[in-house]
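Chemist: Starting off with a structure, shown below.
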Amino acid sequence: MNLLGKARYLLRITRTHGIVRRYFVVNGFDGALTMLGIITGFLFGAPADLSVTINACLGAAIALGVSGMSSAYVSETAERRRALGDLEAAMAIDLLDTAHGEAARVVPLLIALVNGLAPLLLSLLIILPLWLAHAGLPLPVDPLHAAIMTALVLVFLLGVFLGRISGIAWLRSGLQTLLIALLTAALVYLVTGG
Amino acid sequence: MVSVKRIILDVLKPHQPNALEFSRAIASVGNDYRVTLTVLEVDENTETLQVVVSGDAIDYEAVQSAISDMGGSIHSIDEVEVQSAASSRVL
C-alpha cells in the first residue's frame with residue numbers, strides 16, 4: 001500500500017474523512033478571510049510600502065498555519081486516544097500494534113497538516129500578486145486589487161467545494177461564501193477607511 | 001505433510017475495516033483463498049463474525065496475523081478440515 005493509500009485507509013477506519021474535509025474548509029476560509037481583511041485594511045488605510053503589506057500578511061499566514069497545526073494535533077490526539085481506549089475496552093485487547101493503533105498515532109498528524117496547511121497555502125496564493133509586484137513583475141491591475149480578487153475567487157471556490165460535498169447547488173453555495181467575504185471587506189472599509 | 005484446507009473462525013472485530021475490506025485482506029494472504037464472512041452479531045463498537053477460509057494450503061498464522069493487524073481477535077477455531085499428502089495422492 002502506498003503512502004496515499006495508507007493515509008486513506010487510516011482515515012477510513014477511523015471515519016475521519018469528514019473531519020479532514022471540515023477542517024480544510026473551515027481553516028482555509030479563516031486564512032482567506034484574514035488575508036482579505038488585512039489587504040483591504042491596507043487598501044483603504046494610509047498608503048504603505050508593499051513590503052510592509054507582504055510582511056503583515058506573511059506573519060498572519062504563518063501564525064494561522066502554526067495555530068491550525070498545533071490546535072488540531074492536540075485536540076485530535078486526545079480524540080483518537082479516547083476512541084482507541086473505547087475500542088480496546090469493547091474488544092478487551094490491546095490495539096496499539098494494529099491498524100487502529102497506527103491510526104491513533106497517524107491520523108492526528110494528517111488532520112493537523114490539513115488544518116495548518118489549508119490557511120497557509122490559501123494565504124500564500126492570495127499574497128502571490130503582492131510578491132510578484134514586489135519582485136518587479138508588471139501586473140495588469142494594482143497588486144492590492146489583484147490580491148483581493150484572488151481572495152474572493154478562492155473564497156468562492158471554497159463555497160463551490162462545500163456545495164458539491166453537501167449536495168446543494170454549487171453556484172448558490174459559492175455565492176454565499178462570496179457574500180460573506182464581501183461583507184467582511186465592507187466591514188473593514190467601514191472601520192478603517194470610512 | 002498435512003495441509004489445512006478449510007477453517008471456520010469465530011472472530012470479534014471493530015466495525016472498521018468493514019466486512020468487505022476485512023474479507024479481502026484475509027483472502028489476499030494466499031493465492032487461492034476463498035473467504036466467506038458472516039456477521040453474527042453487531043454491538044455498539046464491535047461485530048462478531050464467522051469467517052470461513054478455504055484454500056489448497058491455508059497458512060493459519062498468516063490469516064491470524066492479517067486479522068490481528070486489522071484489530072480483529074480470533075475467539076475460537078470452530079471447524080477445521082485438513083488433508084495429508086498421502087490422502088491427496090489417493091484422491
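Here, each number is a calculation from the coordinates, and none is a lab measurement. Computed from a prediction, not measured in an experiment: that's the story for all the values here. Cβ coordinates were reconstructed from backbone atoms using ideal geometry, including for glycine residues, and neighbour counts include every protein chain displayed.
Chemist: Any chance you could give the angle, 0 to 90 degrees and rounded to 10, that helix A:170-188 forms with the longest Cα principal axis of chain A?
Modeler: The helix A:170-188 is inclined about 60 degrees to chain A.
Chemist: Could I ask something else about it? Got the relative contact order for chain B handy, in percent, Cα pairs under 8 Å and 6 or more residues apart?
Modeler: Numbers: 171 pairs, mean separation 43.1, N = 91.
Worked out over chain B, it gives 47 percent.
Chemist: Cα centroids of region A:1-47 and region A:124-193: how far apart, whole angstrom?
Modeler: Centre-to-centre distance over Cα atoms comes out at 15 Å.
Chemist: May I ask you to derive the relative contact order of region A:102-194, considering only C-alpha pairs under 8 Å and at least 6 residues apart, and to give it as an integer percent? Could the numbers behind the result be given before it?
Modeler: Numbers: 57 pairs, mean separation 16.0, N = 93.
Contact order relative to length: 17 percent.
Chemist: What is the spin-label model distance, in nm, from A:A169 to A:V191 if the labels are put 7 Å beyond Cα along the C-beta direction?
Modeler: 3.3 nm
Chemist: Now, a different point. DSSP loop (so not H, G, I, E, B), at most 14 other Cβ within 10 Å: list which trypsin sites (Lys or Arg not before Pro) in region A:14-113 pass both filters.
Modeler: Values: sites: A:R15, A:R21, A:R22, A:R80, A:R81, A:R82, A:R105; in loops: A:R15.
Answer in residue order: A:R15.
Chemist: Please report the relative contact order for chain A, taking Cα pairs under 8 Å with a sequence separation of at least 6, and give it as a percent rounded to a whole number. Please report the intermediate quantities before stating the final value.
Modeler: Values: 233 pairs, mean separation 60.9, N = 194.
Here the relative contact order equals 31 percent.
Chemist: For the charge dipole of region A:30-100, defined by +1 on Lys and Arg C-beta atoms and -1 on Asp and Glu C-beta atoms about the Cα centroid, which residue among A:S67, A:A48, A:A89 has the Cα displaced farthest towards the positive pole?
Modeler: The residue sitting most towards the positive pole is A:A48.
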